[in-house]
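Peer 1: What follows is a single structure, and I will ask about it in a moment.
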Amino acid sequence: MQATKRVLFVASEAYPLMKTGGLGDVIHSLPHALRRIGADLRLVLPGYRAVLAQLDSVRILGWLDVPGAKRVHVVRILEAYHADFAFPIWLVDCPILFDRPGNPYMNPDGRDWPDNAERFTVFARAATELAQDVLGMNWLPDVVHANDWQTGLVPALLGELDHAPQCVFTIHNMAFGGHFSLAQFNSLGLPRHWWTVEGVEFYGGFSMLKAGIVYADEVTTVSPTYAREICTAEFGCGLQGVLQISRHKLHGILNGIDETAWNPAIDPYLSAHYSAGRRQPGKVLNKQTLLRRFGMVAGETLLEIPLIGMVSRLVEQKGVDMVLAALPHWLEHTDARFVFLGSGNEEYEHQLRMFAAQYPQRIGVFIGYDESLAHMVEAGADMFLMPSRFEPCGLNQMYSLRYGTPPIVYRTGGLADTVVDATPGFLEQGIANGFVFDEPSSEALIVAVNRALAWYAQPRLWQALLRAGMKQSFGWEHSAQAYLALYRGQYHAAL
């Protein structure tokens, strides 16, 4: 039997303490899945104000002097326990850098904090110190698993050590590169030998994401298709050449979902529970509740009209512009109703509000995020819109499949790896579970939705689609085994 692996996870957010996107979900779920198969875990997070406010049991492990931008910070390292985590959380507590309101990366105006380079350099330096057990906790990791640009300097810093643990770096989204200037690089006192084209230099500045890719022992991303896509100019965000050189250590391991939190048979947010074997009346009761939540009439006849849901950041990446362009067509040529939950681009928010005001019985809109409402949309909608132009993995399409709400997606990233198009051939094989289109345009989206509406009008076909999706497993077990094999040097999967 192989020895237990000690794994130090380093990340900038983790649900439910801090979450801005899918990264937060992964940093909660994956470590727990690894723990269930024998890993010994610690999680390092920045000591944000919002995180510290949620913790009851906290003790001081010690203090570190950590270089920042032409100054040294006295950083307090805290150990905390939380009901939603089965392992200790180590917090890098530096109030001048992390004791701020709201979003961890942006100020209230929606702009990046101007000292982000210093904030996450200090965080990375502190995490690297903890990986060496400088506080004498008698816990040395075998593996440091860093995540996204905010931790990109961790692999580089570990590379400066004589006896460093193995380092795995996971890219959750190439679109966020952690790009900073040469002046910032110099002010942080980072090693000069990093400043090369083969190192962290990126078009005259430096990229923390690039540092993670270059210096990590292994690089992963969150779906097999996205791992291939980011090696191309279309999806590589300027780093495709670096990734092509790194293909020998680049792996696409599909994210999972928390099948306890997202389970229509026990979901506390739902008005009625249901399962793959007994979908009704639970599914239709949730639809009725959702319609009423948005002030729409939910009589028996109206319940038969298809309801299409979308839970998303309202940004171009998510294809919101395509949806807005297609809405007039759907309103004129179909009887479908729509519910939207999300926030983002102010113009997109405004347009959705205008549609909802003009068609209050056809379109419901909630600007913002509400966890309970997100669950209600997944359960109550008949189909789910997710026309992302790129999607490293995506979680909502997996939630939708689990909740019997076939997703409508553009063929990209993790969407391509999880949604099987409703064609007669795939239906006959019992694997069709949604609707896929191949061109990122409103015209192609309209065709895909029209196909979905046509299938919805055929109850036998529709129920077969729901059944296939709901019977699939998207839990973390398979992915956790893949990561454990990677930690042990036993994972081999060609791109």
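Since every read-out is calculated from the coordinates, none of them should be taken as a lab result. The shown structure was predicted, so the numbers you read here are calculated from the model rather than taken from an experiment. Every residue, glycine among them, receives a Cβ derived from its backbone with ideal geometry; neighbour counts consider all protein chains shown.
Peer 1: So what is the orientation-averaged projected area of segment 45-127, using the convex hull of its C-alpha atoms, in nm²?
Peer 2: Average projection, Cα convex hull of segment 45-127: 5.5 nm².
Peer 1: Also, I was wondering about something else. Which order do the peptides 26-37, 457-468 take when ranked by the mean count of other beta-carbon atoms within 10 Å per residue, highest first?
Peer 2: Result, highest mean Cβ count within 10 Å first: 26-37, 457-468.
Peer 1: Step by step: find N for segment 198-328, compute 2.2 N^0.38 Å, then divide the Cα radius of gyration by it. What's the final number?
Peer 2: So the Cα radius of gyration is 1.58 times the expected 2.2 N^0.38 Å.
Peer 1: Follow-up question, since we're still on this one. Looking at this model, which pairs from K5/K249; K287/K471; K5/K70 are more than 29 angstrom apart at the alpha-carbon?
Peer 2: With Cα atoms farther than 29 Å apart: K5/K70.
Peer 1: Once the cut-off is 23 Å, how many percent of the Cα-Cα pairs in segment 37-191 end up in the long-distance tail?
Peer 2: 37 percent
Peer 1: Take peptides 43-50, 357-364 and line them up by average Cβ neighbours within 10 Å, highest first, as a rough protection proxy.
Peer 2: Packing order, densest peptide first, comes out as 43-50, 357-364.
Peer 1: Kirkwood hydrodynamic radius, computed over distinct alpha-carbon pairs, for segment 207-258: how many Å, to one decimal?
Peer 2: About 11.1 Å for segment 207-258.
Peer 1: Enter the per residue convex hull volume of segment 282-470, computed from alpha-carbon coordinates, in Å³ rounded to the nearest integer.
Peer 2: Enclosed volume per residue, from the Cα hull, is 103 Å³.
Peer 1: Ok, one more. Could you work out the helix-only [θ] at 222 nm for the chain, with each DSSP H run of four or more residues adding -39,500 (n - 2.57) and the total divided by the number of residues, to the nearest 500 deg cm²/dmol?
Peer 2: -10000 deg cm²/dmol
Peer 1: According to a simple spin-label model (label point 7 Å from Cα along Cα-to-Cβ), what is the distance in nm between T196 and R278?
Peer 2: So the two model labels end up 6.6 nm from each other.
Peer 1: Is the C-alpha gyration tensor of the chain telling us rounded, prolate or oblate? Criteria: a/c under 1.5 is rounded; beyond that, a/b larger than b/c is prolate, otherwise oblate.
Peer 2: It is prolate, given that a/c is not under 1.5 and a/b is the larger ratio.
Peer 1: Under a no-solvent Debye model with one identical scatterer per Cα of segment 68-108, what's log10 I(q)/I(0) at q = 0.21, 0.24, 0.34 Å⁻¹?
Peer 2: -0.86, -0.94, -1.07
Peer 1: What angle do you read, to the nearest 10 degrees and between 0 and 90, between the alpha-carbon axis of helix 282-293 and the longest principal axis of the chain?
Peer 2: The answer is roughly 80 degrees.
Peer 1: Moving on. Starting from 0 in steps of 5 Å, tell me what percent of the Cα-Cα pairs of segment 306-374 lands in each bin.
Peer 2: Spelled out per bin, shortest first, that is 3, 17, 32, 27, 15, 4, 0.
Peer 1: Moving on. Any chance you could list P(r) for segment 361-476, counting all Cα-Cα pairs in 10 angstrom bins from zero, rounded to whole %?
Peer 2: 14, 47, 34, 5, 0
Peer 1: If you don't mind, there's one more thing I want to ask. To the nearest 10 degrees, how steeply does helix 346-358 sit against the main Cα axis of the chain, on a 0 to 90 scale?
Peer 2: The two axes meet at around 20 degrees.
Peer 1: Here is a follow-up. Counting pairs of Cα atoms in segment 110-251, how many percent are more than 17 Å apart?
Peer 2: I get 58 percent for the Cα pairs in segment 110-251 exceeding 17 Å.
Peer 1: For segment 408-472, what are the per-bin percents of Cα-Cα distances with bins 10 Å wide, up to the bin holding the maximum?
Peer 2: Taking every Cα pair in segment 408-472, the percentages come to 23, 55, 22, 0.
Peer 1: Roughly what angle does helix 22-36 make with the longest principal axis of the chain, taking Cα atoms, 0 to 90 degrees, to the nearest 10?
Peer 2: 70 degrees
Peer 1: Counting pairs of alpha carbon atoms under 8 Å apart in space and at least six apart in sequence, what relative contact order in percent does segment 282-470 give?
Peer 2: Worked out over segment 282-470, it gives 21 percent.
Peer 1: Roughly speaking, what is the centre-to-centre gap between segment 402-417 and segment 431-495 when only Cα atoms are used, to the nearest Å?
Peer 2: Each part's Cα centre sits 5 Å from the other's.
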